[in-house]
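What follows is a set of notes on a single structure, which appears directly below.
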Amino acid sequence: MNNLTDRILFALTAAVAVYIGIFIYLQMESIEKYSEISPYNDEISMMKPEDILEIPSENIDIQSTANQQDIKNTVKDINDHRNASSEDWSPNTKESFDGAKAAYDAEQKFKDEARSSQYNNEVKKIIEERTKNLQNNKNDKKNTSTNPSNNSSSNTNNKYDGQTLVSYDLAKRYPHQNNSWNIRNPGYTCGFGSNGTVVIRIKVNKNGNVISAEYDATASNRANECMIEQAKKYAEMSRFDYSSNAPETQTGKIIYSFISQ
């Protein structure tokens, strides 16, 4: 009997030991293996040149109040070689060109007469009076903006010394009817974010009509779609004077400056 009991106890003990061993084995298998965690990289990393994002110039909007205030709402002829003035000036028209030439010729005439008469008192008096009159006329000139009812700002022989909203390059040609309003100005028509210049290449016939207006992307700066569209539209609306000496098709350009509103 004792032997039977001992066998039963041994069998039970062995079974329990096997179950405990299996349980421990299964528990060890379920534990995740240890993996080393790399430390945080606190070194400063430098951006590579190829990783730097480039922003196109037309997407950069720099508001410059000072520059906007310096731009005059008028038209300037690039081929105008008169003396420059910020206070006493007039648009370049055929009349202003003829007036400047007449003044120069008169001055030369006075000098020649003075030399030939050996600076006698009479010639000196004439020169002094002429000089005084010219000076008085110059002091009386006042600037006025160009508009449809105004053919010229003043009779002065000076051009504007500064930046203008519109400038053009068309040799020996002037605005139609000596009115610079006929070189149309779209500078304030494109609203916020429209700061830049648009260059339009034009072709003009003898009558002064603009028969072709093409956008020059390489010469323009920070031009958006609205600025380009308006510049072409206003260039086609512009008109120059008739010239019998001009070629059948004369090429030139109009430069438009736009100001954000």
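The values are calculated or read from the model by the stated rules, or taken from the named source; none is laboratory data. In this text the structure is predicted, and so the values were computed from the model without any measurement. Virtual Cβ from ideal backbone geometry, glycine too; neighbours counted across all protein chains shown.
Screening S220, S194 for residues that are surrounded by 15 or more Cβ atoms within 10 Å (Cβ to Cβ), modelled with pLDDT of 95 or more and within 14 Å of the chain's Cα centre (by Cα) leaves exactly one candidate, S220. Total residues in segment 160-201 satisfying the condition of being in contact with a helix residue (DSSP H, G or I) (Cβ under 6 Å, 6 or more places away or on another chain) and part of a strand (DSSP E or B): the figure is 3. Exactly one residue out of E229, E214 is more than 20 Å from P91 (Cα to Cα), modelled with pLDDT of 95 or more and touching a Cys at 6+ places or on another chain (Cβ under 9 Å): that is E229. Quick one: in segment 247-261, of everything that is out of contact with any Asp or Glu (no Cβ under 9 Å at 6 or more places or on another chain) and not hydroxyl-bearing (S, T, Y), which residue is farthest from Y168 (Cα to Cα)? In this case the residue turns out to be Q261.
Can you name every residue in segment 213-240 that is among the charged types (D, E, K, R) and in contact with a Lys or Arg (Cβ under 6 Å, 6 or more places away or on another chain)? Before you say what the answer is, go through the steps one by one.
Quick first cut of segment 213-240, residues among the charged types (D, E, K, R) only: 214, 216, 222, 225, 229, 232-233, 236, 239.
Across segment 213-240, the qualifying residues are E214, D216.
Inspection of segment 236-246 identifies no residue that is buried (at least 19 other Cβ atoms within 10 Å of the Cβ) and over 24 Å from A171 (Cα atoms). Number of residues in segment 204-247 that are in contact with a Gly (Cβ under 8 Å, 6 or more places away or on another chain) and in a strand (DSSP E or B): the value is 5.
Taking the conditions (1) in contact with a helix residue (DSSP H, G or I) (Cβ under 6 Å, 6 or more places away or on another chain); (2) surrounded by 20 or more Cβ atoms within 10 Å (Cβ to Cβ) in turn, Y215 satisfies each one other than (2).
On the given criteria, is Y174 touching a Pro at 6+ places or on another chain (Cβ under 6 Å), under 18 Å from V75 (Cβ atoms), crowded, with 18+ Cβ neighbours inside 10 Å and at pLDDT 90 or above?
Working: touching a Pro at 6+ places or on another chain (Cβ under 6 Å): no; under 18 Å from V75 (Cβ atoms): yes; crowded, with 18+ Cβ neighbours inside 10 Å: yes; at pLDDT 90 or above: yes.
In short, no.
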